[in-house]
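Worksheet: one structure, shown below.
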Amino acid sequence: MKVLVPVKRVIDYNVKVRVKADRTGVDLANVKMSMNPFDEIAVEEAVRMKEAGAADEAVAVSLGPQQSQETLRTALAMGADRAIHVVHDGELEPLAVAKMLAGVVGEEAPDLVILGKQAIDDDANQTGQMLSGLLGWSQGTFVSKVDASDGAVRVVREVDGGLETVALRMPAVLTVDLRLNEPRYASLPNIMKARKKEIARKTPADLGVDTTPRLNTLRVEEPPKRQGGLKVGSVAELVDKLHNDAGVI
Amino acid sequence: MAILVYAEHDNGELSPATLNAVTAANLMGGDADVLVAGSGCGAVAEAAARVRGVAKVLVADDPALGAQLAENVAPLIAGMASGYSHIVAAATTTGKNVMPRAAALLDIQQVSDIVEVVSPDTFVRPIYAGNAMATVQSTDAVKIVTVRTTAFEAAETEGGSATVEAAPGAADAGLSTFEGAALSGNERPELITARVVISGGRGMQSGENFAMLEEVADILGAAVGASRAAVDSGYVPNDYQVGQTGKVVAPELYIAVGISGAIQHLAGMKDSKVIACINKDEEAPIFHIADFGLVADLFQAVPELKAELRNQGVQAR
């Protein structure tokens, strides 16, 4: 079984996000970038499938600027066998990403595509579902447990009311949630080894995809600031404030 | 042109999230037609027809739609798109699962999780865990939009008199099979719609200790939530999680107990009307956004809180 793992380079989850003064977006200059945390979980799952003998190849793919290679190197250091970089500068929307991934799937013919349920930059939560729709494959979203064998995969999904179990025919697209696994840190020897692994380069044109955005971002602004920070000295004072000042209890 | 709203339900009851989606749809400027896709879902269709702001209810009643699997529902939605200016759903796990698949089938770039309708083609949505708000204009012929439920009032459940018609037929794509659900349903209010929410974090130290929060919740008529740390540690089930990737809540009162206040958690609760917190670390970021912060050991403060609420005769509203 072959697993394809799309990964996205995003602002590191610990970085304090600042909106640009001209309100055109978020300031990404000189900001630490990392692999989208949900995609790390996806890479980990693919590598574990390999280690368990359920998968024989894990291929990472990323769409983005030159620096996305660093993200792919991370995936390779975690245990992916090889990588594909679709080089693109500038914004990419989930639909265009899904179309390019569908092109890569066409060339690679994986049995499973495993990716994060959302990226922590645009918080769109669309790419996996769109890819699955374009391919006409089955989809398992927000999965916290995966059991793949014999042409089928059973997943446990985290839904608003609790958990759901769904059986999917393969090939399938899975989008992963936080509790599927805990991603490993790449060891130094594996980081060194990853430098020698292959990263193939492609362009959106190679995949025949028009990446023109469908959404115009008119402006990006700071959210309203909360005026917090008042401290109370006791539980009695807290209850008094909530009852008499705020009137919420 | 009319707007199609995808209804969320369990084949028996219409989910309140749909009511928020109907309000958002009405703000986009057209009559709302509600699609009820399910199996044996007649009662849901009747309930939807009574919702104020709904013009027509379209019912797709088919065994293949019973579990609302995206593989079966998305083609149904895509097939109904012509004739609608917008297709709208709540940004719940159901809406998030189904809508992007339908959007891809229609070659449309969805707009996710909107909090404001600026004009029929322009919407505000949070990005970067709510640390920035983007105003985006869709250029697609049909707008596909999911709606953050806490940002829109619920449409009234009575007062409408929509017609009920059959939707086009559905088919089983044969790709996936629903095998079962383990829903952690309890007697408390729903997290997303509760007037008061009390949440615990890593500081709770165990699942058993959440009983303290439940006792306070019982007095206040509150829902109980949790931070990611508490869910990851196995204290409470996943559906308790409030945050960027869990549930987004905006109650009248949010009480954070033993929660430090990572930005990912704040993203899920900072629109609450009043925020109170109890934490023994006075440097915790949660204090910066809390209206009322108490620096205290929660194992003393929470039982005290329960006693004080009882003494004051505070009751659930």
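The values are calculated or read from the model by the stated rules, or taken from the named source; none is laboratory data. Just so it is clear, the structure is predicted and the values come from calculations on it, not from any experiment. Note that each Cβ is placed from the backbone with ideal geometry, even for glycine, and that neighbours are counted across all protein chains shown. Ligands, DNA and RNA are excluded from the accessible area calculation, which covers all protein heavy atoms including side chains. Shrake-Rupley method; radii C 1.70, N 1.55, O 1.52, S 1.80 Å.
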Give the separation of the Cα centroids, the stretch B:33-54 to the stretch A:129-143, in Å.
27
Just tell me how shielded B:184-191 is by partners: mean number of partner chain Cβ atoms within 10 Å of each residue's Cβ, no decimals.
1
Chain B: most fluctuating residue of B:Ile144, B:Ile255, B:Ile289 per GNM, C-alpha cutoff 10 Å
B:Ile289
Just to be sure I understand: of the beta bridges DSSP finds with both ends in the stretch A:2-246, what percent are antiparallel, rounded to 5?
40
For chain A, set up a GNM with springs between Cα atoms under 10 Å and report which of A:Val15, A:Val176, A:Val87 has the largest fluctuation.
A:Val15
GNM flexibility winner over chain A from A:Leu135, A:Leu238, A:Leu115 (Cα, springs under 10 Å)
A:Leu238
Given the stretch A:165-232, report the % of alpha carbon pairs whose separation exceeds 20 Å.
76
Hydrodynamic radius by Kirkwood, which averages 1/r over all alpha carbon pairs of the protein assembly as shown, in angstrom:
24.3
How much of the pair distance distribution for the stretch A:1-114 lies past 25 Å, counting alpha-carbon pairs only, in percent?
24
Restricting to the protein assembly as shown, what percent of DSSP beta bridges are antiparallel, rounded to 5?
35
Residue by residue through B:266-273, how many Cβ atoms from other chains fall within 10 Å of the Cβ on average?
2
Kirkwood Rh over Cα pairs of the stretch B:124-202 into Stokes-Einstein at 20 °C, 1.002 mPa s: D in µm²/s?
114
Do any residues of the stretch B:87-104 show a loss of at least 30 square angstrom of accessible area between the isolated chain and the full protein assembly, using a 1.4 Å probe, and if so which?
B:Thr93, B:Lys96, B:Asn97, B:Pro100, B:Arg101, B:Ala104
Sum up the charges of everything whose Cβ sits under 15 Å from the Cβ of A:Gly208, counting Lys and Arg as +1 and Asp and Glu as -1, but leave A:Gly208 out.
-2
Fraction of alpha-carbon pairs over 24 Å apart in the stretch A:45-180 - percent:
26
Under Stokes-Einstein, with the Kirkwood radius over Cα pairs standing in for Rh, what whole-number D in µm²/s applies to chain B at 20 °C and 1.002 mPa s?
104
Excluding ligands, DNA and RNA, what is the solvent-accessible area per residue of the protein assembly as shown at a probe of 1.4 Å, expressed in Å²?
39
Within the stretch B:1-102, percent of DSSP bridges classed antiparallel, to nearest 5:
5
Can you pull out the buried accessible area for chains A and B, both sides counted, probe 1.4 Å, rounded to the nearest 100 Å²?
7000
Hey, any idea what the orientation-averaged projected area of the convex hull of the stretch B:45-194's Cα atoms comes to, in nm²?
10.7
Counting only other residues whose beta carbon sits under 14 Å from that of B:Ala262, what net charge do I get with K and R as +1, D and E as -1?
0
Within the stretch A:2-246, what whole-number % of the accessible surface is contributed by carbon and sulfur, with the 1.4 Å probe and all protein chains included in the calculation?
48
The percentage of the accessible area of the stretch B:234-300 (probe 1.4 Å, all protein chains present) made up of carbon and sulfur atoms, to the nearest whole number, is 49
Per residue, how big is the convex hull of the stretch A:2-246 when only Cα atoms are used? Give it in Å³.
185
Name the residues of the stretch A:174-190 whose accessible area falls by at least 10 Å² when all protein chains are present instead of the chain alone, probe 1.4 Å?
A:Leu178, A:Arg179
